[in-house]
Amino acid sequence: MLEADLIDYRYFIPWCDDVILRKDTPPDWILELATEEFQPDAISIVCTYAYSEPFIEFLGTTEFYVACLFLKYRIGQISWATFLGKAGSYTDAYQDSVDCSYFFCMLNDIEATESDRNLAGVQVEDVVSHFAHAIDEAKVVYNFFLHYFRQNKNAKAE
């Protein structure tokens, strides 16, 4: 979520604050993350924690990243062409279970038709069917953090 820029400090700092208030001794990485607004440093903090001992194998991280990008598209933060380009670049770099040509071929088709809405609709349905589980999982996590974002936004408005 952080790497895809779906959430930023406005989402995770209120969550960190809540964890700090609830725990007698919150984890060090939560304390560090609670004060970090710079996205690359926040990613570093989370990755350092997530990939430290005891090692946990994360399944489907590429699919989850693509799902987060898809949510950005769905909420209007990025265009369909931007989604396809970013998803293609990410899957190309990580060479995981998702082939980058899946996204780049769709991007080529969209560009060739000058962003035809009907074609985009068909492509969206195809992506949803291929990544349904990851999209559902990303929605749950995003809604969790969205609660903290809205809570913080409302507190600042008062």
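Just so you know, all these numbers are worked out from the coordinates, no wet-lab data involved. Because the structure is a prediction, the values reported are computed rather than measured. Ideal geometry is used to build each Cβ from the backbone, glycine not excepted, and the neighbour counts take in all protein chains shown.
A few remarks follow.
- Legend: calculated FRET efficiency, Asp5 to Thr25, from the Cβ-Cβ distance at R0 = 25 Å, rounded to 0.05, equals 0.20.
- Axis of helix 117-130 versus longest Cα principal axis of the chain: the two differ by about 60°, to the nearest ten degrees.
- Phi to ³J(HN,Hα) by Karplus 6.51 cos²θ - 1.76 cosθ + 1.60 over region 65-79, Hz, x for Gly, Pro: 4, 4, 4, 5, 4, 4, 4, 4, 5, 4, 8, x, 7, 9, 7
- nm² value of the averaged projected area, convex hull over the Cα atoms of the chain: 10.9
- Hits among lysines - C-alpha to C-alpha of Lys156 under 26 Å, sequence gap 8 or more where chains match: Lys23, Lys72, Lys139
- Degrees, to the nearest 10: 100-112 long Cα axis against longest axis of the chain: 60
- Degrees separating the helix 80-94 axis from the principal Cα axis of the chain, which is the longest one: 70
- Descending by average beta-carbon neighbour count within 10 Å, the peptides 100-106, 137-143 line up as 100-106, 137-143, the highest first.
- Distance (nanometres) between label positions extended 7 Å along Cα→Cβ at Tyr49 and Gln151: 1.6
- Modelled spin labels at Tyr102 and Leu119, positioned 7 Å past Cα toward Cβ, are 2.0 nm from each other.
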